[in-house]
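Everything on this sheet refers to the single structure shown next.
The values are calculated or read from the model by the stated rules, or taken from the named source; none is laboratory data. All values derive from a computational prediction rather than experimental measurement. Cβ coordinates were reconstructed from backbone atoms using ideal geometry, including for glycine residues, and neighbour counts include every protein chain displayed.
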Amino acid sequence: MNPDILRERQNATFDIEKLTNILDGGAERTNRRREIRELVGSCKGLLTNILQRGHSRLPTMILKLREYGISDPVEINWYKSYVHRFRGNPLEIHLAMFLPTLLNQATPEQMDRFFTPSWDLEIIGTYAQTEMGHGTHLRGLETTATFDPATQEFVMHSPTVTSIKWWPGGLGKTSNHAIVLAQLYTQGKCHGLNAFIVPLRSMGTHMPLPGIVIGDIGPKFGFDAVDNGYLKLEHVRIPRENMLMKYAQVKPDGSYVKPLSSKLTYGTMVFIRSLIVGNAGIVLSQCCTIAIRYSAVRHQSEIRAGEAEPQILDYQTQQHKLFPLLATAYAFLFAGQYMIDTYNRISGDINQGDLSEMPELHALSAGLKAFTTWTANTGIEVCRMSCGGHGYSRSSALPDIYVEFTPSCTYEGENTVMMLQTARFLMKSYRQVQAGQQLSGAVSYLNKVHHRVMAPQAV
Amino acid sequence: SSQLDLNLNTLVDLYEIRAAMLVELAAQSIQQESARGKCQEDSWNNSTIDLVRASDAHCHYMVLKMFRDKVDQIEDPGVHSVMSTLAHLYAIHGMGNFTGDFLQAGVLTGAQVPSVSKCLKGLLAEVRPSAVLLVDAFDHHDKMLNSVLGRHDGNVYEAMFEWARSSPLNRTEVHESFHKHLKPLQAKL
């Protein structure tokens, strides 16, 4: 071991393992995470060349996932991050969004039809929401699903070039089904966005089905292992039972039953955004690990003339670059824990019919997703530059981490739009306070605003 | 006083007041736009910079609050102490970056601004002895981190040399490009 780093560890003032347990949520969780890490590390087919295409590792990855009974979403996230180290894989969306959406929004009958085949990978699914000309503004999406009572089918259609579904991971070449978000028309009325399970490719030959125009969108900044795809629907007919109907429903006569809240349709996105908050913490913690360990062994220049070159970690400027980011990494990891716990708690309430906390969860997950990914993204670059020239080498891993983390500022909701969603909730809360209502939860501090006089500061 | 109260709960309160102020300012901006006769949508659009700032402050406050709550739950004195220092650092660093907001909110005075910087420097020095241990606690295994610079054993330079030697360009002592391009060019000059 390098003597500098050895010396750093000899001066411990706290029990590292106890802190690791706190980060994992308990000693048992640490053991479980390490078990999963060992599983990935000991399996030859999983950790290979970083540039290897995603598909070749899939069989081993999936079989091991099932063999070890890794089914908890957080554990799946650990597992994926160890296998792919945030480089993505073609089944990313199948595992992270398709299956959770079925769990959250399918009726028991639909679960019987779709879940087991999806778990067995007969059905490989993705989640198609974003369109070429439309992103986070969901009401602007153009894809239509028109109910035809005569045949008891929905006609799925992409009416314009801008309505072509664009970006979903695994859509290009891997998936044979997609959950498609489309504007529902029935009895001559538009009822807004709803989710539909659309078969894309033949289960046997994997050839695109009639009316399905599908492919990969081409090379990107990173995520080379993922086939982000496009999908054009040309009057594709699907059975009425393929609409996800746990909340909203279309009856055989074409009548529409509203969901308790339109936000229920986007529950999966809230879950993913909650995961992204924690992932921002993980990525920042990786970069801090790299930059701080390197700064402990790197010696450069001199503080006092004639003395040996000090560790660069002793320079105040280096500490100023790295330690606030270290603190931020911890802050984001704890925020990630909080978000997953809150998501699970509120999901339980929603299942009991209590939707009261859902708007706050939506607002917080959107804002924190943006806040943490923006900060982490710029933080990665600070870590890279704090490693001097060697940070530019791919051997540092920092350039790869940057490339793979950058899309999180735009996927699952472009960050500025996310911040404005949070702002909408804040403004609504502010108006409620002005109207004399008492707020609870995260915005309860606004209650005080009403009683406070804003005085301009003397300049 | 020109001294800052560094109690973590006080710092959380300051962030709360900053967030409340920015929410209020964003709301006022919308109201002012409406008073000028702008429709609701245009009033909103003309206030979006303030709205994003308000959301950002709200999130900043929430993250700090979650951090404080977590620190409060830690029972081990050693871990509690180092995490408390980090939470302070997170809060003070944010105050340094957004000094204008805190001044505007009236929770920080001009006389106190230098003490934010002084306090930040003190916290950096306090974190220094634990920095490597704090990243060790993240428990990122070398195999997963896949970084020559971030190796757990710190043997960076040896590994970097080994990594360079395994570069595809070093498979042969003389690369084929020399025979194909450089040598013919040299012959022509």
Positions within region A:192-236 being within 20 Å of A:Ser118 (Cα to Cα) and in a loop (DSSP other than H, G, I, E, B), in sequence order:
A:Leu200, A:Ser202, A:Met203, A:Gly204, A:Thr205, A:His206, A:Met207, A:Leu209, A:Val226, A:Asp227, A:Asn228
Applying the selection to region B:107-131, what residues are touching a Leu at 6+ places or on another chain (Cβ under 8 Å), among the hydrophobic types (A, V, I, L, M, F, W, C) and either surrounded by fewer than 16 Cβ atoms within 10 Å (Cβ to Cβ) or without any contact (Cβ under 8 Å) to a residue 40 or more places away in the chain (or both)?
B:Val113, B:Leu120, B:Leu123, B:Leu124, B:Ala131
Residue among A:Ser274, A:Ser285 that alone is crowded, with 24+ Cβ neighbours inside 10 Å, in contact with a Phe, Trp or Tyr (Cβ under 7 Å, 6 or more places away or on another chain), away from chain B (no Cβ under 12 Å) and part of a helix (DSSP H, G or I)
A:Ser274
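How many residues does region A:380-402 contain that are in contact with a Lys or Arg (Cβ under 9 Å, 6 or more places away or on another chain) and more than 12 Å from every other protein chain (Cβ to nearest Cβ)? Full working, then the answer.
Residues of region A:380-402 in contact with a Lys or Arg (Cβ under 9 Å, 6 or more places away or on another chain): A:382-383, A:385-388, A:390-392, A:396-402.
Going one step further and asking which of them are more than 12 Å from every other protein chain (Cβ to nearest Cβ), we end up with A:382, A:385, A:402.
Of the residues in region A:380-402, 3 are in contact with a Lys or Arg (Cβ under 9 Å, 6 or more places away or on another chain) and more than 12 Å from every other protein chain (Cβ to nearest Cβ).
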Within region B:99-106, does at least one residue satisfy the condition of being free of Cβ contacts under 8 Å to residues at least 60 places away in the same chain and more than 7 Å from chain A (Cβ to nearest Cβ)?
yes
Unique residue being without any contact (Cβ under 8 Å) to a residue 60 or more places away in the chain, at the interface with chain B (Cβ under 9 Å from one of its Cβ atoms), surrounded by fewer than 24 Cβ atoms within 10 Å (Cβ to Cβ) and on the phi < 0 side of the Ramachandran plot when the list is A:Tyr315, A:Tyr338:
A:Tyr338
Any residue that is of a type in the set (Ser, Thr, Tyr) and either in contact with a helix residue (DSSP H, G or I) (Cβ under 7 Å, 6 or more places away or on another chain) or facing chain A (nearest Cβ under 7 Å) (or both) - is there at least one of those in region B:158-170?
no
Can you say whether B:Arg165 is buried (at least 19 other Cβ atoms within 10 Å of the Cβ) and over 20 Å from the mean Cα position of the chain (by Cα), as far as the supplied structure shows?
no
Check off (1) at pLDDT below 90; (2) not in a helix (DSSP H, G or I) for A:Ile346 and give me the number that stays unchecked.
(2)
Any residue that is free of Cβ contacts under 8 Å to residues at least 24 places away in the same chain, among the charged types (D, E, K, R) and away from chain B (no Cβ under 14 Å) - is there at least one of those in region A:83-104?
no
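Residues are listed down the side, and each one gets a yes or a no for (1) at pLDDT 90 or above; (2) under 13 Å from A:Ala195 (Cα atoms); (3) surrounded by 17 or more Cβ atoms within 10 Å (Cβ to Cβ):
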residue: A:Val226; (1), (2), (3): no, no, yes
residue: A:Asn242; (1), (2), (3): yes, yes, yes
residue: A:Asp253; (1), (2), (3): yes, no, no
residue: A:Tyr256; (1), (2), (3): yes, no, yes
residue: A:Met269; (1), (2), (3): no, yes, yes
Taking region A:229-258, which residues are of a type in the set (Val, Ile, Thr) and touching a residue at least 40 places away in the same chain (Cβ under 8 Å)?
A:Val236, A:Ile238, A:Val250
Inspect region A:256-271 for any residue being of a type in the set (D, E, K, R) and outside any helix (DSSP H, G or I) and give the result as yes or no.
yes
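Residue by residue, here is whether (1) β-branched (Val, Ile, Thr); (2) out of contact with any Asp or Glu (no Cβ under 6 Å at 6 or more places or on another chain); (3) in a helix (DSSP H, G or I) holds:
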{"position": "A:Tyr338", "(1), (2), (3)": "no, yes, yes"}
{"position": "A:Cys383", "(1), (2), (3)": "no, yes, yes"}
{"position": "A:Thr422", "(1), (2), (3)": "yes, yes, yes"}
{"position": "A:Gly436", "(1), (2), (3)": "no, yes, no"}
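Of B:Leu25, B:Leu51, B:Leu4, B:Leu86, which residue is closer than 26 Å to A:Leu325 by Cβ, of a type outside the set (Lys, Arg) and part of a helix (DSSP H, G or I)? Write out each step before concluding.
Values: B:Leu25 fails: closer than 26 Å to A:Leu325 by Cβ; B:Leu51 fails: closer than 26 Å to A:Leu325 by Cβ; B:Leu4 fails: part of a helix (DSSP H, G or I).
When all the criteria are applied, what remains is B:Leu86.
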If B:Ser81 passes every condition in (1) in contact with a helix residue (DSSP H, G or I) (Cβ under 8 Å, 6 or more places away or on another chain); (2) facing another protein chain (nearest Cβ under 8 Å); (3) more than 22 Å from A:Leu420 (Cα to Cα); (4) surrounded by fewer than 19 Cβ atoms within 10 Å (Cβ to Cβ) but one, which one does it miss?
(1)
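Given the criterion more than 7 Å from chain A (Cβ to nearest Cβ) and within 30 Å of A:Val40 (Cβ to Cβ), identify the matching residue among B:Asp72, B:Asp142, B:Asp136.
Answer to the check: B:Asp142.
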Filter region A:1-42 for residues that are out of contact with any Pro (no Cβ under 9 Å at 6 or more places or on another chain) and of a type in the set (Ser, Thr, Tyr); which is farthest from the other protein chains (Cβ to nearest Cβ)?
A:Ser42
Of the residues in region B:107-131, those that are more than 8 Å from chain A (Cβ to nearest Cβ), within 19 Å of A:Arg9 (Cβ to Cβ) and among the hydrophobic types (A, V, I, L, M, F, W, C) number 0
Among the residues of region B:89-98, write down those that are surrounded by fewer than 23 Cβ atoms within 10 Å (Cβ to Cβ) and within 12 Å of chain A (Cβ to nearest Cβ).
B:His93, B:Gly96, B:Asn97
Residues of region A:21-36 being without any contact (Cβ under 8 Å) to a residue 60 or more places away in the chain and either of a type in the set (Lys, Arg) or not in a helix (DSSP H, G or I) (or both), in sequence order, are A:Gly26, A:Arg29, A:Arg32, A:Arg33, A:Arg34
Within region B:171-178, is there a residue that is polar (S, T, N, Q), over 19 Å from the mean Cα position of the chain (by Cα), closer than 30 Å to A:Thr20 by Cβ and assigned to a loop (DSSP other than H, G, I, E, B)?
no
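Based on what the data block shows, is B:Leu182 more than 14 Å from chain A (Cβ to nearest Cβ), surrounded by 10 or more Cβ atoms within 10 Å (Cβ to Cβ), more than 18 Å from A:Gly391 (Cα to Cα) and out of contact with any Lys or Arg (no Cβ under 9 Å at 6 or more places or on another chain)? Even if it seems obvious, please write down each step before you answer.
Working: more than 14 Å from chain A (Cβ to nearest Cβ): yes; surrounded by 10 or more Cβ atoms within 10 Å (Cβ to Cβ): yes; more than 18 Å from A:Gly391 (Cα to Cα): yes; out of contact with any Lys or Arg (no Cβ under 9 Å at 6 or more places or on another chain): yes.
So B:Leu182 passes the test.
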Residues that are assigned to a helix (DSSP H, G or I) and within 18 Å of A:Val417 (Cβ to Cβ): does region A:349-357 have at least one?
no
Among what's in region A:76-114 and is modelled with pLDDT under 85, touching a helix residue (DSSP H, G or I) at 6+ places or on another chain (Cβ under 6 Å) and hydroxyl-bearing (Ser, Thr, Tyr), pick the residue that is nearest to A:Ser175 (Cα to Cα).
A:Tyr79
